[in-house]
Amino acid sequence: MKYLITGANGQLGYDVKKQLTKRGFEAIGTDVSDMDITDGTAVNEKFDAVNPDVVIHCAAWTGVDAAEDDENKSKVYAVNVIGTKNIANACKKHNCKMIYISTDYVFSAVGDEPIKPDCKEFAPLNYYGETKYLGEKAVSETLDKFFIVRIAWVFGKNGNNFIKTMLKLSENHTELRVVNDQIGTPTYTYDLARLLIDISESNKYGFYHATNEGGYISWCDFAKEIFALTKKNVKVIPVTTEEYGLSKARRPLNSRLDKSKLKENGFAPLPDWQDALKRYIGEMNI
Ligand SMILES: NC(=O)c1ccc[n+]([C@@H]2O[C@H](COP(=O)([O-])OP(=O)(O)OC[C@H]3O[C@@H](n4cnc5c(N)ncnc54)[C@H](OP(=O)(O)O)[C@@H]3O)[C@@H](O)[C@H]2O)c1
């Protein structure tokens, strides 16, 4: 099977391409320099040249707070909605499978009930989430052979993430305020890449949720574990989202993604997030 990966220089795309190659698949990675997904002609030309069997669409505008700025909104829409529609149209033309990576931010569930992948109560609180939801719609309304995989709190080797931010801040802070009322589970791109390849080899199309296992935690719990494992002497002070107050974008408090559909369909779940974090810190030589 021949794979085309969008966003191959980003956190997830990088690991997906690497693991596909390791598993012996032909994997063509693209990024904005050789296929700007907002340019329909460029997308069609690339698809005609590659003729993929499967597309793993990792490219996106991922700056959640920057997406709130009026001057960025048309760019965010172009990448996350029009770009995704261009990819879905090309997949239809080439009759190939498409995996679209989405986010917990398409929901704003209250309470503490985990959200099922087939839940249709979409209510994004921020512009990034709204455009990712419109991207989901573009995929599901264009294709039959699609997988929409929602993930959360991503960390990987390439690009920025919460772990890198915490470690950077630890260089000149001995105390950090971190929110303790947004609850979810982190996702290590290395572990997710394996699952995405497994999913892509099946015909079990539809919606999935995928993060690491190990239970639901707050950003505050995550920060504490990061500093404990890296032996940084930083005091983590728990604060509510309201007390923290700084972010441009609103974020849901309940980001608990129910992943039981993975096992029900015979897919191996991801390892625990604690184990993933340990491996990541080792891999990054921190
Ligand atoms: N990061 C998270 O916490 C998180 C959480 C939930 C879901 N997700 C989803 O997971 C997926 C992967 O996220 P990630 O963290 O790996 O993102 P990332 O590191 O920001 O990578 C996204 C990639 O997309 C590329 N890209 C941006 N605009 C493009 C365009 N017009 N044409 C082609 N490529 C373009 C970026 O290139 P440049 O860097 O050159 O702009 C970058 O390489 C995304 O769909 C994201 O929405 C992420």
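Take every DSSP beta bridge with both residues inside the chain and express the antiparallel ones as a percent of the total, to the nearest 5.
Numbers: 3 of 35 bridges.
In the chain, approximately 10 percent of DSSP beta bridges are antiparallel ones.
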Take every Cα-Cα distance within region 177-236, group them into 5 Å bins from 0 onward, and report for each bin the whole-number percent of pairs it holds. 4, 15, 20, 18, 16, 11, 8, 6, 2, 1
Relative contact order as a percentage, the chain, C-alpha pairs under 8 Å and 6+ apart, gives 21 percent
Say R0 is 35 Å: what FRET efficiency, to the nearest 0.05, do Asn160 and Ala42 get from their beta-carbon distance? 0.85
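Over region 102-184, calculate the relative contact order: mean separation of alpha carbon pairs under 8 Å at least 6 apart, over the residue count, as a percent. Intermediate values should be presented prior to the final figure.
On the way: 55 pairs, mean separation 23.8, N = 83.
Dividing the mean separation by the residue count of region 102-184 yields 29 percent.
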Amide H neighbours of Val239 under 5 Å, at least 5 residues apart or on other chains, H built in the peptide plane: list them. Val178, Val179, Asn180
Could you list which residues have their amide H under 5 Å from that of Gly29, counting only those 5 or more apart in sequence or on another chain, with H placed in the peptide plane? Ile5
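Grab the alpha carbons of the chain, take their convex hull, and tell me the volume per residue in Å³.
Numbers: hull volume 36.0 nm³, N = 286.
Per-residue hull volume (Cα only) is 126 Å³.
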Förster radius 30 Å - calculated FRET efficiency between Lys248 and Ser140 (Cβ-Cβ, nearest 0.05): 0.55
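Heavy atoms only, 1.4 Å probe, whole protein assembly: order Glu175, Glu264 by accessible area, highest first.
Details: Glu175 95, Glu264 135 Å².
Result of the area sort, largest leading: Glu264, Glu175.
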Net length gained if the chain between Asp34 and Val110 were fully extended (0.36 nm per residue, minus Cα distance): 23.2 nm
Residues with amide H under 5 Å of Gly206's amide H, sequence separation 5 or more or different chain, H placed in the peptide plane at 1.01 Å from N; which? Phe146, Phe147, Ile148
So, in Å, what gap is there between the alpha-carbon centers of region 75-153 and region 181-200? 16 Å
Using the Karplus curve 6.51 cos²θ - 1.76 cosθ + 1.60 with θ = phi - 60°, work out ³J(HN,Hα) for each residue of region 230-246 in order, rounded to whole Hz, and write x for Gly and Pro. 9, 6, 8, 8, 10, 7, 9, 9, x, 9, 7, 4, 5, 5, 5, x, 8
Calculate, in nm to one decimal, what Glu175 and Lys22 gain on full extension: separation in residues at 0.36 nm each, minus their alpha carbon distance. 50.9 nm
Debye intensity ratio in log₁₀ form over the Cα atoms of region 163-286, taken at each q of 0.13, 0.17 Å⁻¹: -0.61, -0.95
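Quantify, in whole percent, the carbon and sulfur part of the accessible surface of region 144-257 (1.4 Å probe; protein heavy atoms only).
Details: 2420 of 5050 Å².
Here carbon and sulfur together make up 48 percent of the probe-accessible area.
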Residue by residue through region 172-180, which ³J(HN,Hα) values in whole Hz follow from phi under the Karplus form 6.51 cos²θ - 1.76 cosθ + 1.60 (θ = phi - 60°), with glycine and proline marked x? 9, 9, 9, 9, 9, 8, 9, 5, 10
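Before I look further, what does region 78-164 give for accessible area per residue, probe 1.4 Å, in whole square angstrom?
Numbers: 3320 Å² over 87 residues.
The answer is 38 Å² per residue.
The values are calculated or read from the model by the stated rules, or taken from the named source; none is laboratory data. What you see is a predicted model, and the numbers here were worked out from it, not measured in a lab. Cβ coordinates were reconstructed from backbone atoms using ideal geometry, including for glycine residues, and neighbour counts include every protein chain displayed. Areas reflect the complete protein model, heavy atoms only, side chains present, ligands, DNA and RNA absent. Shrake-Rupley method; radii C 1.70, N 1.55, O 1.52, S 1.80 Å.
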